[in-house]
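Read through the structure below, which is laid out as structure tokens, and then see the notes.
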Amino acid sequence: MDVFTRIIKPRLTALEVPHHLQKQGFDAVYTTEPSRGELGKFIRSSAVLEGKKRVPRVVEALLFALDRVEHLEKDVKPALKKGKIVIVVAVGLVVFYFRKRRQKA
């Protein structure tokens, strides 16, 4: 994302990239992980992201992985087949990664 953002416009946020591309005549969409699908909603509404209630690490990893597969199949691939540019920001995975790094320290 950093390289892509710098090529298009310096300091452009992920939310602004699709809008900027649309102004340039491209068909672009923005999406996130966890997704807006059922698993993504569960991850967002549960304590998985907030760390309030601990679930085993393997369960967290599997939830994120399953959500990614569902997201790719239901959202990303269909949009790409329609010729859209898809911007995906994996917010949940970043939170998951940094939380794990912090626990190891």
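With the cut-off at 22 Å, tell me which of the pairs Lys41/Lys82; Lys41/Lys77; Lys23/Lys84 have Cα atoms farther apart than that.
Lys41/Lys82
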Q. Taking H as built 1.01 Å from N, whose amide H comes closer than 5 Å to the amide H of Val89, not counting residues under 5 places away?
A. Thr31, Thr32, Glu33
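No lab work stands behind these numbers, since they all come straight from the coordinates. Quantities reported herein were computed from a predicted structural model and do not represent experimental measurements.
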